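Taken together, the values in this text are just the output of simple stated rules run on the coordinates, not laboratory data. For clarity, every value in this text was computed on a predicted model and none was experimentally measured. Counting neighbours? That spans all protein chains shown, and the Cβs are built from the backbone with ideal geometry, glycine included.
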Amino acid sequence: MAKSVVVVESPAKVKTINKFLGSKFKVVSSMGHLIDLPKSTLGIDIEDDFKPKFIVVRNKTKLLTKLKKETKDAEVIYFATDPDREGEAIGWNLIEHIADGKKVYRVTFQEITQEAVLKAFEHPRDFDTKKVDAQVARRILDRVVGYKISPLLWKKVGSRLSAGRVQSVALRIIVEREREIQNFVPKEYWDIGVDLKKDGCEDVVSASLEKINDEKAALSTQEETARAVADIKKHEFIVSDISQKQVRRRAYPPFTTSTLQQEAFNKLRFNAHKTMMVAQQLYEGIEVAGGEAVGLITYMRTDSVQISGEALAKVRDFIKTRYGGRYLPEEPNRYKSKKSAQEAHEAVRPTDVRRKPEDVKKFLDADQHKLYDLIWNRFVSSQMTLAEYEQRRIEITAGPYRFGASGSVMTFDGFLVLDNGIREEEPKIELAHYRPGDSLELLSVNPTQHFTKPPARYTDASLVKAMEEDGIGRPSTYASIIQTLVVRNYVSRERGVFTPTELGIRICDLLVEYFAKIMDIGFTAQMEENLDLIEEGKLNSPTLLREFYQPFKEELAYAEGHIVKEHDFVDQHCPDCGRQMVVKWGRRGKFLSCSGFPQCRFAQPVTSGIKCPQEGCGGELIRRRSRRGAFYGCSRYPQCTYVSRDLPGETKKE
């Protein structure tokens, strides 16, 4: 009797899942997308309700042939592709190629453990065509935008450039932040602190000026501050109020894709792409004790903070046994997911809470262990009791001036027993010596000058947070959006901070000028919500696509009629043919080309104008890019191999 065949996406899962299912099943891999829109043409019949033309990906024909052979004798095919829209569509598109005339089932599991996989196969289901429709609609939207706008970029800016529906909006966020920074004008402001002492008491109280005449203190110049300091010294300092209260701090919810990427950057300095790559390895399976391969975490593309009943019971039992009853709340901690979250999904968590980070450390590489430790700690702490603090505050009055000092002391660590690096205690203030009405001696007045700072440039963490808050993209897309911007040289990532390149700014400005709707954050967020409605069966994809395309078509027609090719000539002539040189843009940035192209193909990079410091070289330094970031190399490479992260004499960035 022919085996039942199980199709998964990644070859890394094959061995693990086959071991769980046994000899009655044969597990094979599709290696991701085998069926997709053609690269050379639009592949969408706009006039026929946006009907897509899916084909076998050109370099995947051998894989599909192999898959056909592996499934030829099967009577039943189970599609166990990833449990999201994209996974649903990958499996659905394969049916007509490998499953014609066979029984077809869809199985999904949030974790690759024997228990979860076997349970999923006990309850196979039909394909969710609404999920498929939503994914196909997204693919069509992205294709239409990319294939219609990109040729205009070639015409206006340079060849081989491309635009994307979502990443272009993410680029706009980065560019607008850069302009905020450039246009920022710092404002001066002053703080005043005082050191005070009670007669007969050794403690010194350091307090800050908070109010003047019952209004928030706002000192903006040195002269104004000097007058206030002089006046403050004339008054007697009296304790006007003392307060003490208990404050509780709740644990953070378990990770979603977004919060995992943010925390991995903040704590581990992993960029979003690296975080997802390492998480994928932990999800697909690691060989642990006894050589058994098992998934260590649940599916890492999710916007839900829900936890299954079984996992909840296990973590509560673990907390009580390991840390004691005081660390276990009477009822499980409940967290609310975003409105758009798919409740069938779970948060990112360890598949078995009893598998502690220290227990699996020897089976993991350094990055895998760091990320697993982060996920494990966040999950366990999310189900622990609150941390408790005693917050103390003293208010002091000096004529019209009110000063305050506060501090807190942890009285019970609660979830912070895991020490996630978020213990934040203010200076301890001893209040036992003070009573309202006490007179205090002024020891010193300490004015301090400050200047307001511009908003910070985006990092992987803050950009992911901004995209999530604005509703741009979905969990499965954050890392790829960022990676696309970096690879296309629209932004540079230096020490984890994003700066738009000159090319990125030019493209962003062009798109904002001619495609205001596409580049509108609110419009893009609404499209994401509409895709969710398609998945929920509340909207059909042709309706959405028609509503999108009509205004887009109008913007496109206007752009095509008004965008003209511009030549940015420079005072330099081609050494081959004598024609004037012109600045052009490509995927790697700016370069100089002969204006006689394509008849003359001479081109050269734009140098920094700084001579190569290598003795006797004579070349100039050029800004180049690699997978590790930007660097400066000699224009005479490979004859000269000089490289540096910074220009000679430039202060090294922290």
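In whole percents, the pair-distance distribution calculated for the chain from its alpha-carbon pairs, binned every 20 Å from zero, is 14, 38, 34, 13, 1. The stretch between S406 and I181 holds 77.7 nm of extra length on full extension. This uses 0.36 nm per residue minus the Cα-Cα distance. If you take the beta carbon distance between E310 and L63 as r and set R0 to 41 Å, what does 1/(1 + (r/R0)^6) give as a FRET efficiency, to the nearest 0.05? After rounding, the FRET efficiency stands at 0.65.
Using the Cα coordinates of region 4-127, the gyration tensor eigenvalues translate into equivalent-ellipsoid semi-axes of 27, 15, 13 Å, sorted from longest to shortest.
Of all aspartates and glutamates in the structure, those lying under 15 Å Cα to Cα from K274, and not within fewer than 8 positions of it along the same chain, are E263, D365, D367, D460.
Dimensions of region 375-487 based on its C-alpha atoms, expressed as ranges along the principal axes with the largest first, amount to 64, 39, 21 Å.
Here's the list of aspartates and glutamates a cross-link from K517 could span, going by alpha-carbon distance under 15 Å and ignoring same-chain residues fewer than 8 apart: D142, D509, E528, E547, E554, E555. Cross-link reach is defined here as a Cα-Cα straight distance under 27 Å, omitting same-chain residues fewer than 8 places apart; for K197 the lysines meeting it are K211, K216, K233, K234, K245, K428.
Extending 7 Å from Cα along the Cβ direction at A230 and again at S644 yields two label points whose distance is 5.2 nm.
At 1.306 mPa s and 10 °C, plugging the Kirkwood radius over alpha-carbon pairs of region 448-525 into Stokes-Einstein gives what diffusion coefficient in µm²/s? Translational diffusion coefficient: 113 µm²/s.
Of D126, D520, D365, the sequence from fewest to most neighbouring Cβ atoms within 10 angstrom is D126, D365, D520. Charged side chains reduced to their Cβ positions (Lys and Arg at +1, Asp and Glu at -1) give the chain a dipole of some 2780 debye around its Cα centre. When each of the peptides 391-398, 150-157 is scored by the mean number of other C-beta atoms lying within 10 Å of its residues, the order from highest to lowest reads 391-398, 150-157. For K53 and R636, FRET efficiency with R0 = 51 Å and r from the beta-carbon atoms, rounded to 0.05? Computed FRET efficiency for R636 and K53: 0.55. For T607, the shell of other residues with beta-carbons less than 13 Å away shows a net charge of +4, using +1 for Lys and Arg and -1 for Asp and Glu. Residues of region 604-643 with amide nitrogen under 15 Å from the 7 Å Cα-to-Cβ point of D576? Within reach of a label on D576, which here means backbone N under 15 Å from a point 7 Å along Cα→Cβ, region 604-643 contributes 604-605. In this structure, the pairs whose alpha-carbon distance is over 24 Å, taken from K336/K465; K3/K130; K155/K611; K51/K130; K15/K362, are K3/K130; K155/K611. Each peptide in 596-605, 376-385 was scored by the mean count of other Cβ atoms within 10 Å over its residues; highest first, the order is 376-385, 596-605. Using R0 = 35 Å, the C-beta based FRET efficiency linking R355 and E75 works out to 0.40. Couplings 3J(HN,Hα) for region 263-276, derived from phi with the Karplus relation 6.51 cos²θ - 1.76 cosθ + 1.60 (θ = phi - 60°), are 5, 5, 6, 5, 8, 10, 6, 7, 6, 4, 5, 5, 4, 5 Hz, where x marks Gly and Pro. The phi torsions of region 632-645, fed into the Karplus equation with coefficients 6.51, -1.76 and 1.60 and a -60° offset, translate into couplings of 10, x, 7, 5, 9, 4, x, 4, 10, 10, 4, 9, 7, 6 Hz, rounded to whole numbers, with Gly and Pro shown as x.
Extension gain, D199 to F569: 0.36 nm times the residue separation minus the Cα-Cα distance gives 125.4 nm.
Remark: spin-label model distance K267-N446 equals 3.3 nm, labels positioned 7 Å along the Cα→Cβ axis. State whether region 257-382 is rounded, prolate or oblate according to the following rule on the C-alpha gyration tensor (a ≥ b ≥ c being the square roots of its eigenvalues): a/c under 1.5 gives rounded; otherwise a/b larger than b/c gives prolate, and the remaining case gives oblate. Cα axes put region 257-382 in the oblate bin. When peptides 80-91, 26-37 are sorted by average Cβ neighbour count within 10 Å, with the highest value leading, the order is 80-91, 26-37.
Amide H contacts for E441 (H built 1.01 Å from N in the peptide plane; partners 5 or more residues away or on another chain; cut-off under 5 Å): K197, K198, D199. In a simple Cβ point-charge model (Lys, Arg +1; Asp, Glu -1; nothing else charged), region 564-644 has a dipole of about 540 debye relative to its Cα centre.
Residue exposure proxy: V564, V512, ordered by other Cβ atoms within 10 angstrom of their Cβ from fewest to most, comes out as V564, V512. In this structure, the pairs whose alpha-carbon distance is over 18 Å, taken from K24/K66; K39/K60; K69/K102, are K24/K66.
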